[in-house]
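Bear in mind that the values in this text are calculations on the coordinates, not laboratory data. Given the structure is predicted, the values throughout are model-derived calculations rather than measurements. So basically every Cβ, Gly included, is an ideal-geometry build from the backbone, and we count neighbours across all protein chains shown.
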Amino acid sequence: MNVDEDEEKEKRAGSFGAVAAAYAEHRPDYPEVAVRWALEVAAELTAGAGLSGVRVLDLGAGTGKLTAQLADLGADVTAVEPDTAMLAELRRQLPQIRALDGRAEAIPLPDGSVHAVLCGQAMHWFDMDRALPEIARVLAGGGVLAGLWNSDDDRVEWVAGLQRVAEGAASPSLSARRSEAADYDIGLAGARFFLPTERAEFPNSQARTADSLVATIATHSKFLIMPAAERERVLAGVRDYLRSRPETGGEFALPMVTSAVRARRR
């Protein structure tokens, strides 16, 4: 990255706190099958206890979308999040969860203290050169690092059209996520810590209305850092597009896919 790209990434990464409540309300969850896939390697470490014995760090936990699902599956979850407003929303929604202020590059946990580190919609914000040694440090031997990302399925024609109208402000498309896959190759980037990366994809369609889809787009970082006039122009274009499409009247299904990667600690 050049200096301008670094500055934009930092600005986007810090933009979510302003919309923490909307993020919690409108961002999609993850398919249970995807979360179980991410954890199945770690479950082997629990002496037959299964997921109920897995100690999981949700790293870059945001408002706790993934945290809540991990807890519902019976895992022993600790959430770590650097954004003060996002962390406050997580604590408000999940007061029973241990939630700590911290970053991927300086994790506030002891060595070897977790069986799994999961990152929902977060790993792309990390400085991986600094984060991977930290993640490896807190993982028990044989534990797993996994990342999950939700993407609009632009193999569907009207979704591809939405991507164009939203001018990059919507959820990243599946095709973009696939083209960037090498950026999140845990095994290659952290070869001295992790075995080669495994990948999987899971359908994750979301029930939406035009209003809720517009509200979801308004929680994305590229949108959040736009000047106010540009934000209004983009949202107006999205509303007009959704009104024009027969697929998006009333409540409809937004085709999405959850992409997942995992790598086992050496």
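Our summary gives the chain a relative contact order of 22 percent, counting only alpha carbon pairs under 8 angstrom and 6 or more residues apart.
In vacuo Debye scattering of segment 161-206, one point per C-alpha: log10 I(q)/I(0) at q = 0.19 Å⁻¹? Evaluating at q = 0.19 Å⁻¹ gives log10 I(q)/I(0) of -0.74. Note on segment 15-73: semi-axes of the ellipsoid equivalent to its C-alpha gyration tensor, largest first and rounded to whole Å, are 27, 11, 8. For SER205, the residues whose modelled amide H falls within less than 5 Å of its own, excluding neighbours fewer than 5 places apart on the same chain, are MET256. Let me know the charge dipole size of segment 142-266 about its Cα centre in debye, to the nearest 20, where only the beta-carbon of Lys, Arg (+1) and Asp, Glu (-1) is charged. Here segment 142-266 has a charge dipole of around 520 debye. Global size of segment 20-174: 16.0, 51 Å for Rg and Dmax (C-alpha atoms, Rg to one decimal, Dmax whole). For the chain, adding -39500 (n - 2.57) for each run of n ≥ 4 DSSP H residues and dividing by the number of residues yields -11500 deg cm²/dmol at 222 nm. Among 181-190, 132-141, 255-264, 52-61, the peptide with the highest mean count of other Cβ atoms within 10 Å heads the list, and the full ranking is 52-61, 255-264, 132-141, 181-190. Mind running the shape call on segment 218-266? Use the C-alpha gyration tensor, a ≥ b ≥ c as the square roots of the eigenvalues: rounded below 1.5 for a/c, prolate if a/b tops b/c, oblate otherwise. Since a/c reaches 1.5 but b/c is at least a/b, the shape of segment 218-266 is classed as oblate.
Placing +1 on the Cβ of every Lys and Arg and -1 on the Cβ of every Asp and Glu, with no other charges, gives the chain a dipole of roughly 360 debye about its Cα centre. Remark on the chain: ratio of C-alpha radius of gyration to 2.2 N^0.38 Å is 1.00. Among ASP129, ASP154, sorting on how many other beta-carbon atoms sit within 10 Å of each Cβ, with the fewest leading, yields ASP129, ASP154.
Of the residues PRO133, GLY48, GLY143, the one whose Cα sits farthest towards the positive end of the charge dipole of the chain is GLY48 (charges of +1 on Lys and Arg Cβ, -1 on Asp and Glu Cβ, taken about the Cα centre).
Size descriptor for segment 102-255, Kirkwood hydrodynamic radius: 17.5 Å (Cα pairs only, one decimal).
Under a Gaussian network description of the chain, with springs only between Cα atoms under 10 Å, the residue in ALA88, ALA106, ALA229 that fluctuates furthest is ALA229.
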